[in-house]
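The values are calculated or read from the model by the stated rules, or taken from the named source; none is laboratory data. All values derive from a computational prediction rather than experimental measurement. Please note: Cβ atoms are built from the backbone with ideal geometry, for glycine as well, and neighbour counts cover all protein chains shown. Heavy atoms of the whole protein, side chains included, go into the accessibility calculation; ligands, DNA and RNA do not. Shrake-Rupley method; radii C 1.70, N 1.55, O 1.52, S 1.80 Å.
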Amino acid sequence: MSDATIIDGKAFAAGLRARIAEAVPAFTMATGRIPGLAVVLVGDDAASAVYVASKGKATIAAGMASFEHRLPADTGQEDLIALVRQLNADESVDGILVQLPLPKHLDEQAVVDAIAPDKDVDGLTPISTGRLALGLPGLVPCTPLGSLMLLKDHIGDLSGKDAIVIGRSILVGKPMAQLLLAENCTVTIAHSRTRNLKERVQQADIVVAAVGRAEMVKGTG
Ligand code: NAP
């Protein structure tokens, strides 16, 4: 794929963080407080601990308040949901992230469902996913939203493009497809049962690989 360009996602992210930081004073002026993000981590999964730490760092770097709640791995369902409800009611908390995956004994969907939709910054509650499907304003999962931002920054108008999204998870594939549809792309959603994937990928203008396997799509071959 000789004409391929690697998009500098880190540079774009740095610019985005700077723009977010610039918006914080206006929020503070309007509300009399700085915006706050609460992150909940249950257990001691190493990768999750790294994500939570970097989210906290980025939040503070943007001039916002970060509230970290680290709970033991054996935290019960009711205690976790009680914390989520407490954060829902806390006026200093504007966004709530419950770091997934949760330990096996917890019901992830029930915990996510307990998050107030207007604080659901991961965009995973049924209300958020419903708003996205209906084309209403709402909170959208960050990975597909970031991917869309990069695509628009790089390509410009996406209208009329043929897009294929490989993967149909609620976290990446499905919201990615909805976002591309809202940009007037013609969207195909592929998954593990899709036939003729190679041909479909070759025909697309935009390919979003959300499979969880490196180099599943390797350029034109
Ligand atoms: P997931 O829930 O495991 O979903 C993977 C999807 O890929 C499924 O829909 C699956 O199809 C499909 N798939 C698997 N093998 C396939 C094949 N051979 N051909 C076509 N489709 C195939 O993963 P996810 O949570 O959506 O994550 C996707 C990727 O995004 C991962 O690489 C993950 O690490 C990355 N991710 C990154 C971030 C970030 O912030 N950077 C956040 C979240 C995810 P079925 O539905 O038929 O099983």
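Database remark: amide H of Ala190 closer than 5 angstrom to the amide H of Val165, Ile166, Gly167 (H placed geometrically; neighbours at sequence offset of 5 or more, or on other chains; Pro and chain starts carry no H).
In the chain, once you exclude exposed GluC sites (Glu not before Pro) (DSSP loop, at most 15 other Cβ within 10 angstrom), what's the longest stretch remaining? The reported range is 92-214. Shape analysis of the stretch 1-101 places it in the oblate category; the axes a ≥ b ≥ c from the Cα gyration tensor give an a/c of at least 1.5, with a/b not above b/c. Over the chain, dividing the summed -39,500 (n - 2.57) contributions of all DSSP H runs of at least 4 residues by the number of residues returns a 222 nm mean residue ellipticity of -14000 deg cm²/dmol. Take the Cα of Ile170, step 7 Å toward its Cβ, do the same at Ala53, and the gap between the two points is 3.0 nm. The residue among Leu181, Gly130, Pro141 whose Cα reaches farthest toward the positive pole of the charge dipole of the chain, with charges on the beta-carbon of Lys, Arg, Asp and Glu, is Leu181. Neighbours of Arg85 by Cβ distance under 13 Å: Lys/Arg scored +1, Asp/Glu scored -1, total -3.
Counting other Cβ atoms within 10 Å, which trypsin sites (Lys or Arg not before Pro) in the stretch 26-102 have at most 13 and lie in a DSSP loop? Could you put the intermediate results ahead of the total?
On the way: sites: Arg33, Lys55, Lys57, Arg70, Arg85; in loops: Arg33.
Here the sparse-neighbourhood loop sites are Arg33.
Charge tally for Val217 (other residues, Cβ to Cβ under 12 Å; Lys, Arg +1; Asp, Glu -1): +3.
In sequence order, the stretch 24-37 has phi-based couplings of 5, x, 5, 5, 5, 4, 6, 10, x, 8, 7, x, x, 10 Hz under the Karplus curve 6.51 cos²θ - 1.76 cosθ + 1.60, θ = phi - 60°, and Gly or Pro positions carry x. For Ala65, the amide hydrogen comes within under 5 Å of the amide hydrogens of Gly36, Leu37, counting only partners 5 or more places away or on other chains and with H modelled in the peptide plane.
Could you grab the relative contact order for the chain? Cα pairs under 8 Å, six or more apart, rounded to a whole percent. List each step's numbers first, then the result.
Numbers: 308 pairs, mean separation 31.7, N = 221.
For the chain, the relative contact order is 14 percent.
Across the stretch 11-76, C-alpha contacts under 8 Å between residues 6 or more apart give a mean separation that, scaled by the residue count, equals a relative contact order of 38 percent.
Taking Cα centre as origin and charging only the Cβ of basic (Lys, Arg, +1) and acidic (Asp, Glu, -1) residues, the dipole magnitude of the chain rounds to 580 debye. Computed from point charges on the beta carbon alone (+1 for Lys and Arg, -1 for Asp and Glu), the dipole magnitude for the stretch 61-119 about its Cα centre is near 140 Debye.
Springs join every pair of Cα atoms under 10 Å in this Gaussian network model of the chain, and among Ala38, Ala61, Ala14 the largest mean-square fluctuation is at Ala14. Bridging of Lys152 to lysines at a Cα separation below 18 Å is possible for Lys10, Lys161, once same-chain residues fewer than 8 apart are set aside. Ranking Met64, Met176, Met29 by solvent-accessible area of protein heavy atoms (1.4 Å probe, all protein chains present), from largest to smallest, gives Met29, Met64, Met176.
Highest average first, the peptides 45-52, 204-211 ordered by how many other beta carbon atoms sit within 10 Å of their residues are 204-211, 45-52. Residues in the stretch 159-166 carry Karplus couplings, in order, of 3, x, 5, 8, 10, 10, 10, 9 Hz; the curve used is 6.51 cos²θ - 1.76 cosθ + 1.60 with θ = phi - 60°, and Gly or Pro positions show x. In order along the stretch 141-146, the phi-based Karplus estimate (6.51 cos²θ - 1.76 cosθ + 1.60, θ = phi - 60°) of 3J(HN,Hα) comes to x, 5, 5, x, 5, x Hz; Gly and Pro are listed as x. Relative to the current alpha-carbon distance between Ala14 and Gln202, full extension at 0.36 nm per residue lengthens the span by 64.5 nm.
With a 1.4 Å probe and every protein chain left in place, work out the accessible area per residue of the stretch 98-221 in Å², rounded to a whole number. Intermediate values should be presented prior to the final figure.
Details: 7180 Å² over 124 residues.
Roughly 58 Å² per residue, with all protein chains present.
The magnitude of the dipole of the stretch 166-221, with charges of +1 and -1 set on the Cβ of Lys/Arg and Asp/Glu and taken from the Cα centre, is near 300 debye. For Lys57, a cut-off of 19 angstrom between C-alpha atoms picks up these aspartates and glutamates, skipping any fewer than 8 places away in its own chain: Glu22, Asp44, Asp45, Glu68, Asp94, Asp122.
For Asp162, the residues whose modelled amide H falls within less than 5 Å of its own, excluding neighbours fewer than 5 places apart on the same chain, are Thr186, Asp205, Ile206.
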